[in-house]
Amino acid sequence: MADAPREVWITGIGIVSCLGEGGETHWKKLMEGKPSGDVTLFAPFVVHPITPINFDTQIPKKGDQRQMDSWQRIGTYAAGLALDSAGVKGNLELLSHMDMIVAAGGGERDLNVDSTILTGTPHAANPAAFLNEKLMGDLRPTLFLAQLSNLLAGNISIVHGVTGSSRTFMGEESSGVDAVRIALSRIAAGQSDIALVGGAHNGERPDQLMLYEFAGNCLKDPYRPVWERDANGGGFALASLGAFLVIEAREHAEKRGAKPLARLTAVLSDRSNRKPGAATAALSRLWDKLKDKVKSGHAAVLSGASGAKAATAEERTFLEAQVLEAKGDLAVRATGSYLGHGMEPQFPMNVALAVVALGHGELFPPCDASGLEKPMSAPLDQVLVTGVGHWRGEGLALVERVG
């Protein structure tokens with residue numbers, strides 16, 4: 001007979017975003033109930049820039065900082081915060097068997113090289129030779145062969161000494177869902193004892209804004225909360241943020257005297273096509289596997305809805321027709337109204353914010369006028385975290401208070 005799955009705890013979180021750094025700073029901002037976005041940095045697009053960070057506190061060597069792009073610095077910093085939170089920072093014996101799963105994009109482009117190529121190619125006597133010369137001479141070697149996505153995990157290993165197994169997942173929002181899902185599955189099955197899981201994103205990039213706006217996905221001035229965007233054309237506001245979790249087996253945590261911040265009970269993922277109704281159907285399939293675990297009255301939903309019109313509308317249909325219909329008036333909150341949308345780390349960030357809310361035993365107030373978000377006065381014991389890709393990639397997690 002197979003052994004029963006092990007109980008899995010979250011023992012550390014490290015988060016940084018436009019709201020600040022750390023769980024308590026985020027909680028204070030969320031309790032204010034006044035979301036906003038920057039409409040001047042890349043006008044007319046709305047973005048959520050990262051808070052000012054003193055990277056020296058988590059990445060002490062300037063040489064390490066210089067060789068990282070912005071998203072790697074953000075991620076390595078957030079990973080350090082998570083290790084501090086879990087009480088394992090500097091414990092080389094423990095870090096040597098800590099597994100790591102990172103959700104990462106393809107890295108940042110060198111805009112100066114791009115500009116040189118775009119400006120010079122029309123005037124070159126031999127455009128193909130000119131392009132080859134610039135690619136061979138101006139790009140750093142790490143930009144070749146799609147290896148840049150692995151560098152965040154590498155830098156975390158170098159700076160913080162996390163040297164167990166390492167995996168990097170790519171795939172926008174779904175990579176963040178699967179990073180947490182795989183970590184939970186491995187620990188529950190006894191294949192791992194402790195893992196560092198998360199990712200980072202730099203949304204302050206003109207090239208990203210251009211690419212996503214080709215599909216009409218970017219929110220433009222004026223700023224609106226997530227659920228109020230559908231009637232006005234929809235769109236997401238790109239975010240700079242980093243989010244990491246330390247997840248470990250209960251017995252492993254107890255052995256080292258660590259206290260749980262929350263229990264990670266379940267993480268489920270799916271990937272639909274983009275036919276009308278596909279995202280709602282995918283979420284419904286996941287919900288059928290989870291709904292019996294969710295208790296009415298003391299549970300809430302933290303939604304990863306981005307604001308992208310089709311995906312957000314389908315998530316709302318799911319929430320209203322499936323979750324709220326089955327469990328009564330569960331309070332719903334879209335964290336993207338405050339944080340913006342950070343692609344890969346969005347799901348780990350929302351799991352971390354669920355941990356913060358459970359630690360306070362309550363939910364932060366609603367912030368929009370659409371009618372979906374309602375006040376909640378009952379004590380908070382469970383949080384259902386949703387993740388819906390702006391194109392595809394659905395996920396659900398259940399995070400619970402311990403004790």
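The values are calculated or read from the model by the stated rules, or taken from the named source; none is laboratory data. What you see is a predicted model, and the numbers here were worked out from it, not measured in a lab. Note: ideal-geometry Cβ built from the backbone for every residue, glycine included; neighbour counts use all protein chains shown.
Computed quantities for the displayed model
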| quantity | calculated |
| --- | --- |
| All positions within the stretch 98-126 that are surrounded by fewer than 14 Cβ atoms within 10 Å (Cβ to Cβ) and in contact (Cβ under 8 Å) with a residue 60 or more places away in the chain | Gly106, Leu111 |
| Number of positions in the stretch 219-251 that are within 18 Å of the chain's Cα centre (by Cα), of a type outside the set (Phe, Trp, Tyr) and outside any loop (DSSP other than H, G, I, E, B) | 9 |
| Strands (runs of 3 or more DSSP E) wholly inside the stretch 1-95 containing at least 1 residues that are within 19 Å of Ala237 (Cα to Cα), of a type outside the set (Val, Ile, Thr) and within 15 Å of the chain's Cα centre (by Cα) | 8-17, 45-48 |
| Residue pairs meeting the criteria (Cβ under 9 Å; at least 6 apart or on separate chains; first touching a residue at least 60 places away in the same chain (Cβ under 8 Å) and more than 23 Å from Pro365 (Cβ to Cβ), in the stretch 298-325; second buried (at least 23 other Cβ atoms within 10 Å of the Cβ) and of a type in the set (Phe, Trp, Tyr)) | Ala308/Phe236 |
| Members of the stretch 288-343 found to be in contact with a Leu (Cβ under 8 Å, 6 or more places away or on another chain), basic (Lys, Arg), surrounded by fewer than 23 Cβ atoms within 10 Å (Cβ to Cβ) and farther than 19 Å from Ser174 by Cα, listed by number | Lys293 |
| Criterion (touching a Leu at 6+ places or on another chain (Cβ under 8 Å) and not in a helix (DSSP H, G or I)) met by exactly one of Ile101, Ile117 | Ile101 |
| Criterion (touching an Asp or Glu at 6+ places or on another chain (Cβ under 7 Å) and either assigned by TED's automatic domain parsing to the domain that holds Ile15 or not in a loop (DSSP other than H, G, I, E, B) (or both)) met by exactly one of Ala215, Ala200, Ala195, Ala153 | Ala195 |
| Which listed residue, of Asp178, Asp221, Asp207, is buried (at least 20 other Cβ atoms within 10 Å of the Cβ) and either of a type in the set (D, E, K, R) or not assigned by TED's automatic domain parsing to the domain that holds Leu264 (or both) | Asp178 |
| Tally, over the stretch 1-28, of residues that are in contact with a Gly (Cβ under 9 Å, 6 or more places away or on another chain) and at pLDDT 95 or above | 15 |
| Residues that are of a type in the set (Ser, Thr, Tyr) and under 21 Å from the mean Cα position of the chain (by Cα), drawn from the stretch 357-399 | Thr386 |
| Selection within the stretch 267-283 - of a type in the set (Lys, Arg) and free of Cβ contacts under 8 Å to residues at least 24 places away in the same chain | Lys275 |
| Residue count, the stretch 181-198 (criterion: on the phi > 0 side of the Ramachandran plot and buried (at least 24 other Cβ atoms within 10 Å of the Cβ)) | 1 |
| Where Ile50 falls short, out of the listed (1) out of contact with any helix residue (DSSP H, G or I) (no Cβ under 9 Å at 6 or more places or on another chain); (2) under 30 Å from Gly161 (Cα atoms); (3) not polar (S, T, N, Q) | (1) |
